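In what follows, a single structure is set out as structure tokens and then discussed.
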Amino acid sequence: MKKLYKALALVFALAICMTACSQAPVSDDSKTSAPQNSTASDLDYIKDKGEMIVGITEYEPMNYLDDKGEWTGFDTEFAQMVAEKLGVTAKFIVIDWDGKIMELDSKAIDCVWNGMTLTDEVKNGMSCTDPYVVNAQVLVMPADKIDNYKSVEDLKDLTFVAESGSAGEAAIQDAGYSCTAVTTQADCLLEVSSGAADACVIDNTMANAMTGEGTSYADLKPGLALTSEDYGIGFRKGSDVTVEVNKIIKELKADGSLQELADKYQLTLAE
């Protein structure tokens with residue numbers, strides 16, 4: 001009987017304790033650790049961090065490493081100029097280009113800024129700026145063969161390679177041909193130079209910078225243009241950063257600094 005009384009007393013004590021705990025006031029510390037307002041702007045998010053994380057691939061002349069191992073190039077300098085006007089620092093991270101929208105949505109990066117063609121897929125998956133540079137997707141082959149290919153129909157017997165998820169890959173497929181996908185545009189040039197593929201289709205800006213006399217691919221040459229296109233910067237869908245960056249781009253055009261940068265890297269600005 002005594003054991004029964006003790007058991008009942010223990011249950012009663014536990015019930016009192018649980019009731020008291022459930023009625024305990026919320027501490028100030030728990031209030032301050034509550035999740036941030038999900039409606040906060042993307043611009044405020046970047047400014048609060050003090051840095052804008054830029055997703056890139058190594059792509060000369062847009063983003064590439066100099067002799068000191070530091071990022072340089074048109075888009076690198078452009079992003080740094082914009083970041084300075086936003087009051088933050090630009091931080092560059094190499095991404096898998098095929099997964100760029102996922103990287104953006106997960107907040108692993110804050111923008112995609114790497115000679116990105118404004119395709120329908122890109123515009124549907126990101127909030128994109130106005131175009132800032134015009135470009136084309138061009139055929140690149142050994143210099144002693146390129147002049148034999150003047151039209152899309154001439155390409156029917158060639159084997160192609162292109163960067164996975166790139167505008168070059170899309171251009172080959174739109175022309176009715178298949179291609180082998182590789183990780184970067186630089187890999188495309190290596191495949192063609194080694195003879196593993198007959199041709200690749202890459203950005204004209206990169207083709208001009210990395211092929212011909214005085215480059216690592218002196219034996220290669222750009223030729224037939226399959227498409228013409230615009231480059232833009234991609235932010236998260238619905239981001240308020242896009243409008244702010246568009247304003248800054250207009251300022252940099254108006255004061256001549258963006259044209260000076262384009263001249264430095266032999267690029268053509270979009271109107």
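The values are calculated or read from the model by the stated rules, or taken from the named source; none is laboratory data. Note that the structure is predicted; figures quoted are calculated from it, not measured. All Cβ positions, even for glycine, are placed from backbone atoms using ideal geometry, and neighbour counts span all protein chains on display. Calculation scope for accessible area: heavy atoms of the full protein, side chains included, ligands and nucleic acids excluded. Shrake-Rupley method; radii C 1.70, N 1.55, O 1.52, S 1.80 Å.
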- Task: Go over the candidates Gly195, Gly232 one by one and state the one that is farther than 17 Å from Thr76 by Cα and not acidic (Asp, Glu).
- Result: Gly195
- Residue count for the stretch 62-78, restricted to those that are in contact (Cβ under 8 Å) with a residue 40 or more places away in the chain and open to solvent by less than 10 Å² (accessible area, probe 1.4 Å): 6
- State whether the residues of the stretch 88-99 include one that is in contact with a strand residue (DSSP E or B) (Cβ under 9 Å, 6 or more places away or on another chain), open to solvent by less than 10 Å² (accessible area, probe 1.4 Å) and in a loop (DSSP other than H, G, I, E, B). no
- Item | Selected residue (only one of Asp67, Asp75 is among the acidic types (Asp, Glu), assigned by TED's automatic domain parsing to the domain that holds Glu244 and not in a helix (DSSP H, G or I)) | Asp67
- Taking Pro131 and the conditions (1) part of a loop (DSSP other than H, G, I, E, B); (2) exposed (fewer than 15 other Cβ atoms within 10 Å of the Cβ); (3) not polar (S, T, N, Q), which numbered condition does it fall short on, given that it satisfies the others? (2)
- Query: Can you find a residue in the stretch 100-111 that is closer than 17 Å to Glu229 by Cα and assigned to a strand (DSSP E or B)?
  - Reply: no
- Within the stretch 216-235, residues open to solvent by 20 Å² or more (accessible area, probe 1.4 Å) and under 20 Å from Ser127 (Cα atoms) come out as Glu229, Asp230
- Task: For Lys145, indicate whether it is more than 11 Å from the chain's Cα centre (by Cα), within 23 Å of Ala171 (Cβ to Cβ) and either surrounded by 15 or more Cβ atoms within 10 Å (Cβ to Cβ) or not assigned by TED's automatic domain parsing to the domain that holds Thr215 (or both).
- Result: no
